[in-house]
Amino acid sequence: MNGPVEPSGRRLGRRTVLRRAAVLGAAAPLIPATAATATAGESREAREHGRGRGPAAGSVSFRWLGTAGWRIDVGARTVLFDPYLTRFETGLYQGAFDPRTPLRTRPDIVDAHVGRPELVLVSHSHWDHLADVPHIARTTGARVVGTETTYHLLVALGVDAGQISVVKGGEVLDFGGIVVEVVPSLHSRNKKCAYFAPGTLNAPPATVPSTISDLPEGDTLAFQVRAGDGGPSAFLMGASDFDERAVRGLRPDLAMVAVPSSTVTHRYVPRLLGALDSPGVVVPVHWDNFEVPLSGSPVRDPAMDLDAFVAQVRKASPEVRVVVPDYRTVYDGTMRPGGPR
């Protein structure tokens with residue numbers, strides 16, 4: 001289950017061949033400049049309109065932190081997205097989910113994975129995305145980027161308000177060469193077209209949050225992070241729904257796509273990949289049991305059909321490379337094993 005899952009290589013039509021040429025044009029600048037000469041058969045238009053044109057793949061690394069979380073290292077600089085590492089039990093996977101489960105953080109576990117981040121991006125405020133962020137922010141001084149709800153919750157949990165940047169979607173922020181585009185997004189829905197703990201905060205909570213139900217969703221964002229001047233770019237999702245108009249034109253090199261637990265979102269995979277213009281690499285996330293320690297291999301969430309998701313990606317975009325990530329692998333800027341540690 002671990003490692004890359006490649007497309008089948010079946011015979012392609014003219015339109016797909018042309019699209020593949022564009023993808024090759026996008027991928028070439030992710031390798032060292034000495035090797036970035038035009039591939040035989042690659043069109044000039046594909047080279048000039050490729051996606052990433054930035055640092056070599058070896059200068060950027062990606063580590064999956066489980067659930068939707070990522071650690072992105074650009075040289076000596078670290079960006080985190082939805083880092084949930086404590087992974088405490090709520091009864092969710094035993095059929096006895098308890099909304100009153102106390103919030104907790106395991107500093108020893110968190111600190112072993114996050115390094116010294118300067119930036120933490122938060123998609124939404126549910127516990128499996130936010131619960132470890134207060135500890136990370138307080139102990140590292142990292143800037144946190146998230147919604148107004150995230151802001152109020154973090155301040156209530158002891159984070160300095162000056163560390164938090166409130167965003168709504170549409171912002172393009174330059175953090176000294178690491179460019180973050182904030183994308184308005186949507187939370188995924190279950191078979192009843194609902195989800196846990198909806199709601200937003202426009203003021204501090206009445207009491208300090210102490211249980212998972214005290215952390216409402218508070219609107220959902222996605223982020224596109226460009227590692228350095230020109231690429232590679234990664235589209236990061238924290239939930240399996242999206243605003244089709246908001247993502248159109250982003251054209252990321254990598255797309256970290258949340259696996260859905262239901263079919264409520266109409267044509268989720270083909271619509272998303274079409275709006276993103278078929279990124280070169282798709283990485284499925286949020287398909288693992290996030291109450292199992294991160295120290296082992298991923299255990300599948302039984303509500304998520306990972307195999308069906310991969311099949312849908314292959315059908316919608318045969319030229320896309322799918323990489324099913326593992327906790328223990330460090331990936332380079334093309335999502336191949338062997339990034340800098």
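The values are calculated or read from the model by the stated rules, or taken from the named source; none is laboratory data. The shown structure was predicted, so the numbers you read here are calculated from the model rather than taken from an experiment. When we count neighbours, we look across all protein chains shown, and the Cβ atoms used for this are built from the backbone with ideal geometry, even at glycine.
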The residue that is nearest to Lys191 (Cα to Cα), considering only those in the stretch 297-314 that are assigned to a loop (DSSP other than H, G, I, E, B) and among the aliphatic types (A, V, I, L, M), is Ala303
So which residues in the stretch 91-111 are surrounded by fewer than 16 Cβ atoms within 10 Å (Cβ to Cβ) and among the hydrophobic types (A, V, I, L, M, F, W, C), if there are any at all? Ala96, Phe97
Answer yes or no as to whether Glu148 is closer than 18 Å to Gly238 by Cα, at pLDDT 95 or above, of a type outside the set (Phe, Trp, Tyr) and in contact with a strand residue (DSSP E or B) (Cβ under 9 Å, 6 or more places away or on another chain). yes
Going through (1) within 22 Å of Ala131 (Cα to Cα); (2) surrounded by 15 or more Cβ atoms within 10 Å (Cβ to Cβ); (3) among the hydroxyl-bearing types (Ser, Thr, Tyr) one by one, Ser295 fails only at (2)
Only residues that are aliphatic (A, V, I, L, M), in a strand (DSSP E or B) and either closer than 24 Å to Arg138 by Cα or without any contact (Cβ under 8 Å) to a residue 60 or more places away in the chain (or both): list them for the stretch 148-187, please. Ile164, Val166, Val172, Leu173, Ile178, Val179, Val180, Val182, Leu186
Being at pLDDT 95 or above, assigned by TED's automatic domain parsing to the domain that holds Trp64, over 18 Å from Val183 (Cβ atoms) and assigned to a loop (DSSP other than H, G, I, E, B) is the requirement here; does Pro318 meet it? yes
